[in-house]
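Shown next, in C-alpha coordinates, is the structure this report addresses.
The values are calculated or read from the model by the stated rules, or taken from the named source; none is laboratory data. Quantities reported herein were computed from a predicted structural model and do not represent experimental measurements. Reconstructed Cβ throughout: ideal geometry from the backbone, glycine too, with neighbour counts over all protein chains shown.
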Amino acid sequence: MTQYDEQFNLRKRHPLGRIHLLRNEFESCIARLALNNSLDVNYGESVREKIDIFPAKNENAPVIVFIHGGYFRALDKRKYNYIAKPFVNSGCTVALTNYDLAPKVCVKEIIDQNIKAFLWIYQNISRWNGNPNNIVICGHSVGAFLAVKIIEFNWIQKIRQAIAGVVLLSGLYNLTRMKQSYLNKSLKLSKGDVASLSPMFGDIDDFPHALVAVGKDETDEFIQQSKDYSNKLKTLEVHMNLYYWKIKITIQSRAC
(Lines give C-alpha, C1' and ligand atoms only; values in the text may rest on other atoms or scores of the structure.)
Protein backbone atom coordinates (compact mmCIF):
# COMPACT_ATOMS: atom_id res chain seq x y z
CA MET A 1 0.00 0.00 0.00
CA THR A 2 1.41 3.40 -0.99
CA GLN A 3 0.96 6.68 0.83
CA TYR A 4 -1.47 7.84 -1.87
CA ASP A 5 -3.80 4.83 -1.91
CA GLU A 6 -6.21 6.26 0.63
CA GLN A 7 -6.54 9.46 -1.44
CA PHE A 8 -8.14 7.44 -4.25
CA ASN A 9 -9.83 4.60 -2.37
CA LEU A 10 -13.24 6.24 -2.13
CA ARG A 11 -15.07 3.01 -1.29
CA LYS A 12 -13.06 2.75 1.89
CA ARG A 13 -13.56 6.45 2.68
CA HIS A 14 -17.30 6.34 1.97
CA PRO A 15 -18.47 2.79 2.86
CA LEU A 16 -22.13 3.72 2.23
CA GLY A 17 -21.35 5.08 -1.21
CA ARG A 18 -22.68 1.91 -2.81
CA ILE A 19 -26.16 2.95 -1.67
CA HIS A 20 -25.90 6.12 -3.73
CA LEU A 21 -24.73 4.15 -6.77
CA LEU A 22 -27.71 1.84 -6.45
CA ARG A 23 -30.02 4.84 -6.20
CA ASN A 24 -28.40 6.31 -9.30
CA GLU A 25 -29.02 3.06 -11.18
CA PHE A 26 -32.67 3.04 -10.12
CA GLU A 27 -33.18 6.67 -11.15
CA SER A 28 -31.39 5.97 -14.43
CA CYS A 29 -33.83 3.13 -15.12
CA ILE A 30 -36.72 5.53 -14.47
CA ALA A 31 -35.18 8.07 -16.86
CA ARG A 32 -34.90 5.48 -19.63
CA LEU A 33 -38.57 4.58 -19.16
CA ALA A 34 -39.75 8.18 -18.98
CA LEU A 35 -37.75 9.77 -21.82
CA ASN A 36 -37.39 9.11 -25.52
CA ASN A 37 -33.92 7.71 -26.08
CA SER A 38 -31.51 5.94 -28.37
CA LEU A 39 -29.27 3.62 -26.36
CA ASP A 40 -25.88 2.16 -27.27
CA VAL A 41 -25.47 4.12 -30.49
CA ASN A 42 -22.12 3.17 -32.04
CA TYR A 43 -19.46 5.82 -32.54
CA GLY A 44 -16.67 3.29 -33.10
CA GLU A 45 -16.00 -0.40 -33.60
CA SER A 46 -15.19 -1.60 -30.07
CA VAL A 47 -17.86 -3.02 -27.76
CA ARG A 48 -17.85 0.00 -25.44
CA GLU A 49 -17.59 2.75 -28.05
CA LYS A 50 -21.25 3.67 -27.61
CA ILE A 51 -23.42 6.66 -26.69
CA ASP A 52 -26.81 6.95 -24.98
CA ILE A 53 -28.80 9.87 -26.39
CA PHE A 54 -31.85 11.53 -24.89
CA PRO A 55 -33.23 14.02 -27.44
CA ALA A 56 -34.90 17.33 -26.69
CA LYS A 57 -38.49 17.72 -27.82
CA ASN A 58 -37.64 20.68 -30.05
CA GLU A 59 -35.04 21.08 -32.78
CA ASN A 60 -31.83 23.07 -32.47
CA ALA A 61 -31.55 22.36 -28.74
CA PRO A 62 -28.41 22.91 -26.64
CA VAL A 63 -26.40 19.70 -26.19
CA ILE A 64 -25.02 18.31 -22.93
CA VAL A 65 -22.28 15.67 -23.27
CA PHE A 66 -21.57 13.72 -20.07
CA ILE A 67 -18.40 11.67 -19.54
CA HIS A 68 -18.35 9.30 -16.55
CA GLY A 69 -15.44 8.68 -14.21
CA GLY A 70 -14.16 5.46 -12.65
CA TYR A 71 -10.37 5.94 -12.72
CA PHE A 72 -10.28 4.86 -16.41
CA ARG A 73 -11.06 1.30 -15.31
CA ALA A 74 -14.68 1.13 -14.11
CA LEU A 75 -18.28 2.37 -14.33
CA ASP A 76 -20.66 2.80 -17.25
CA LYS A 77 -22.75 5.53 -18.86
CA ARG A 78 -26.01 3.71 -18.01
CA LYS A 79 -25.43 4.38 -14.32
CA TYR A 80 -25.67 8.11 -15.09
CA ASN A 81 -28.69 8.20 -17.40
CA TYR A 82 -30.59 9.85 -14.54
CA ILE A 83 -28.87 13.17 -15.25
CA ALA A 84 -30.69 13.38 -18.60
CA LYS A 85 -34.12 13.97 -17.09
CA PRO A 86 -33.72 17.54 -15.75
CA PHE A 87 -31.78 18.67 -18.81
CA VAL A 88 -34.24 17.19 -21.31
CA ASN A 89 -37.08 18.76 -19.35
CA SER A 90 -35.23 22.08 -19.67
CA GLY A 91 -34.99 21.73 -23.45
CA CYS A 92 -31.58 20.11 -23.96
CA THR A 93 -30.43 17.04 -25.84
CA VAL A 94 -28.19 14.85 -23.64
CA ALA A 95 -25.50 12.42 -24.79
CA LEU A 96 -23.66 10.10 -22.39
CA THR A 97 -20.53 8.38 -23.63
CA ASN A 98 -18.82 5.08 -22.90
CA TYR A 99 -15.25 4.09 -23.67
CA ASP A 100 -13.01 1.06 -23.28
CA LEU A 101 -11.46 0.56 -19.85
CA ALA A 102 -8.02 -0.23 -18.46
CA PRO A 103 -6.25 -2.58 -18.41
CA LYS A 104 -7.74 -3.62 -21.76
CA VAL A 105 -6.60 -0.30 -23.22
CA CYS A 106 -4.19 2.39 -22.06
CA VAL A 107 -5.12 5.92 -20.98
CA LYS A 108 -3.95 7.38 -24.31
CA GLU A 109 -6.39 5.12 -26.17
CA ILE A 110 -9.19 6.17 -23.81
CA ILE A 111 -8.43 9.82 -24.59
CA ASP A 112 -8.50 9.10 -28.33
CA GLN A 113 -11.84 7.33 -28.01
CA ASN A 114 -13.39 10.29 -26.22
CA ILE A 115 -12.12 12.68 -28.89
CA LYS A 116 -13.68 10.37 -31.49
CA ALA A 117 -16.95 10.30 -29.52
CA PHE A 118 -17.11 14.09 -29.38
CA LEU A 119 -16.48 14.40 -33.13
CA TRP A 120 -19.23 11.85 -33.79
CA ILE A 121 -21.62 13.83 -31.60
CA TYR A 122 -20.74 17.07 -33.38
CA GLN A 123 -21.37 15.45 -36.77
CA ASN A 124 -24.56 13.56 -35.87
CA ILE A 125 -26.39 15.11 -32.93
CA SER A 126 -28.74 17.15 -35.15
CA ARG A 127 -30.55 13.86 -35.83
CA TRP A 128 -31.61 13.98 -32.16
CA ASN A 129 -32.67 17.65 -32.22
CA GLY A 130 -29.30 18.84 -30.95
CA ASN A 131 -27.56 21.99 -32.11
CA PRO A 132 -23.99 20.91 -33.02
CA ASN A 133 -22.81 24.50 -32.56
CA ASN A 134 -23.95 24.73 -28.93
CA ILE A 135 -22.35 21.89 -26.95
CA VAL A 136 -21.45 21.84 -23.26
CA ILE A 137 -19.13 19.05 -22.11
CA CYS A 138 -19.50 17.78 -18.54
CA GLY A 139 -17.15 15.30 -16.90
CA HIS A 140 -16.90 13.76 -13.43
CA SER A 141 -13.61 12.60 -11.87
CA VAL A 142 -11.48 11.28 -14.74
CA GLY A 143 -14.42 12.25 -16.93
CA ALA A 144 -13.36 15.84 -16.20
CA PHE A 145 -9.82 14.88 -17.26
CA LEU A 146 -11.25 13.52 -20.52
CA ALA A 147 -13.38 16.62 -21.07
CA VAL A 148 -10.25 18.78 -20.85
CA LYS A 149 -8.40 16.47 -23.26
CA ILE A 150 -11.20 17.02 -25.77
CA ILE A 151 -10.75 20.77 -25.39
CA GLU A 152 -6.96 20.45 -25.72
CA PHE A 153 -7.29 18.65 -29.06
CA ASN A 154 -6.25 20.64 -32.13
CA TRP A 155 -9.73 21.15 -33.60
CA ILE A 156 -10.45 23.27 -36.61
CA GLN A 157 -11.91 26.59 -35.53
CA LYS A 158 -15.48 25.70 -36.51
CA ILE A 159 -15.54 22.72 -34.14
CA ARG A 160 -13.70 24.53 -31.35
CA GLN A 161 -16.28 27.31 -31.44
CA ALA A 162 -19.04 24.70 -31.08
CA ILE A 163 -17.90 24.02 -27.49
CA ALA A 164 -19.98 26.56 -25.61
CA GLY A 165 -18.76 25.55 -22.18
CA VAL A 166 -17.32 22.86 -19.92
CA VAL A 167 -18.33 21.63 -16.45
CA LEU A 168 -15.61 19.84 -14.49
CA LEU A 169 -16.84 17.97 -11.40
CA SER A 170 -14.34 16.70 -8.81
CA GLY A 171 -11.82 16.28 -11.57
CA LEU A 172 -8.33 14.79 -11.71
CA TYR A 173 -5.91 16.75 -13.88
CA ASN A 174 -2.50 15.44 -12.79
CA LEU A 175 -1.70 11.74 -13.15
CA THR A 176 1.37 11.86 -10.88
CA ARG A 177 -0.27 10.55 -7.71
CA MET A 178 -2.38 8.02 -9.61
CA LYS A 179 0.83 6.53 -10.98
CA GLN A 180 2.13 6.25 -7.40
CA SER A 181 -1.03 4.54 -6.12
CA TYR A 182 -2.63 1.10 -6.35
CA LEU A 183 -4.46 2.30 -9.47
CA ASN A 184 -1.34 1.93 -11.58
CA LYS A 185 -1.59 -1.86 -11.44
CA SER A 186 -4.40 -1.39 -13.97
CA LEU A 187 -3.40 1.87 -15.62
CA LYS A 188 0.30 1.07 -16.16
CA LEU A 189 1.19 4.74 -16.44
CA SER A 190 4.79 5.64 -17.21
CA LYS A 191 6.60 8.87 -16.32
CA GLY A 192 6.23 9.83 -19.95
CA ASP A 193 2.49 9.28 -19.78
CA VAL A 194 2.21 11.52 -16.73
CA ALA A 195 4.14 14.31 -18.46
CA SER A 196 2.44 14.08 -21.85
CA LEU A 197 -1.14 13.28 -20.86
CA SER A 198 -1.83 15.26 -17.66
CA PRO A 199 -3.96 18.38 -18.34
CA MET A 200 -1.94 20.21 -15.68
CA PHE A 201 1.05 20.06 -18.01
CA GLY A 202 -0.80 20.50 -21.31
CA ASP A 203 -1.11 23.55 -23.55
CA ILE A 204 -4.47 25.12 -24.33
CA ASP A 205 -4.70 28.03 -26.74
CA ASP A 206 -8.38 28.72 -26.16
CA PHE A 207 -10.61 27.63 -23.28
CA PRO A 208 -14.42 27.90 -23.27
CA HIS A 209 -16.64 29.17 -20.49
CA ALA A 210 -16.04 26.83 -17.55
CA LEU A 211 -17.25 25.74 -14.15
CA VAL A 212 -14.90 23.75 -11.95
CA ALA A 213 -16.39 22.23 -8.80
CA VAL A 214 -15.22 19.88 -6.06
CA GLY A 215 -17.15 18.55 -3.05
CA LYS A 216 -15.96 19.53 0.41
CA ASP A 217 -15.91 15.88 1.51
CA GLU A 218 -13.58 14.80 -1.27
CA THR A 219 -10.06 13.75 -0.32
CA ASP A 220 -7.28 16.32 -0.09
CA GLU A 221 -5.95 15.13 -3.45
CA PHE A 222 -9.21 15.81 -5.28
CA ILE A 223 -9.61 19.25 -3.67
CA GLN A 224 -6.01 20.24 -4.36
CA GLN A 225 -6.18 19.16 -7.98
CA SER A 226 -9.26 21.33 -8.58
CA LYS A 227 -7.49 24.28 -6.95
CA ASP A 228 -4.34 23.69 -8.99
CA TYR A 229 -6.20 23.41 -12.26
CA SER A 230 -8.21 26.56 -11.57
CA ASN A 231 -4.92 28.38 -11.01
CA LYS A 232 -3.69 27.04 -14.34
CA LEU A 233 -6.75 28.49 -16.04
CA LYS A 234 -5.93 31.86 -14.51
CA THR A 235 -2.52 31.76 -16.14
CA LEU A 236 -4.31 31.25 -19.47
CA GLU A 237 -6.10 34.55 -18.85
CA VAL A 238 -9.42 32.86 -18.21
CA HIS A 239 -11.59 35.05 -16.01
CA MET A 240 -11.80 33.17 -12.71
CA ASN A 241 -14.02 33.44 -9.65
CA LEU A 242 -13.23 31.16 -6.71
CA TYR A 243 -15.97 30.49 -4.17
CA TYR A 244 -15.61 28.58 -0.91
CA TRP A 245 -19.03 27.32 0.10
CA LYS A 246 -19.92 25.65 3.37
CA ILE A 247 -21.08 22.51 1.59
CA LYS A 248 -18.61 22.54 -1.28
CA ILE A 249 -15.97 24.50 -3.09
CA THR A 250 -17.11 25.84 -6.43
CA ILE A 251 -14.75 27.47 -8.87
CA GLN A 252 -16.31 29.31 -11.79
CA SER A 253 -14.50 30.73 -14.76
CA ARG A 254 -15.49 32.62 -17.87
CA ALA A 255 -13.27 32.85 -20.90
CA CYS A 256 -12.27 36.31 -22.12
Q) Is there any pair linking a residue in the range 191-202 that is within 14 Å of Met178 (Cβ to Cβ) to one that is modelled with pLDDT of 95 or more and assigned to a loop (DSSP other than H, G, I, E, B), with Cβ under 6 Å and at least six apart or on different chains, and which? A) Val194/Leu175; Ser198/Asn174; Ser198/Leu175; Pro199/Tyr173; Met200/Tyr173; Met200/Asn174
Q. Could you say whether any residue in the range 141-158 is under 24 Å from Thr93 (Cβ atoms) and either modelled with pLDDT under 95 or of a type in the set (Lys, Arg) (or both)?
A. yes
**Q.** Given (1) in contact (Cβ under 8 Å) with a residue 24 or more places away in the chain; (2) assigned to a helix (DSSP H, G or I); (3) under 29 Å from Lys216 (Cβ atoms); (4) under 20 Å from the mean Cα position of the chain (by Cα), number of the condition His20 does not satisfy
**A.** (1)
Q. Residues of the range 50-95 being polar (S, T, N, Q) and surrounded by 20 or more Cβ atoms within 10 Å (Cβ to Cβ), which ones?
A. Asn81, Thr93
Q.
Pull out all pairs, ordered by first then second residue, where Cβ-Cβ is under 6 Å, the residues are six or more apart or on different chains, the first lies in the range 50-72 and is closer than 16 Å to Gln123 by Cα, and the second is assigned to a loop (DSSP other than H, G, I, E, B) and of a type in the set (Ser, Thr, Tyr).
A. Ile51/Tyr43
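To keep it simple, each residue is scored yes or no on (1) surrounded by fewer than 21 Cβ atoms within 10 Å (Cβ to Cβ); (2) in contact with a Pro (Cβ under 6 Å, 6 or more places away or on another chain).
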site	(1), (2)
Ile159	yes, no
Val166	no, yes
Ser170	no, no
Thr176	yes, no
Gln180	yes, no
Ser190	yes, no
Asp193	yes, no
Ser196	yes, no
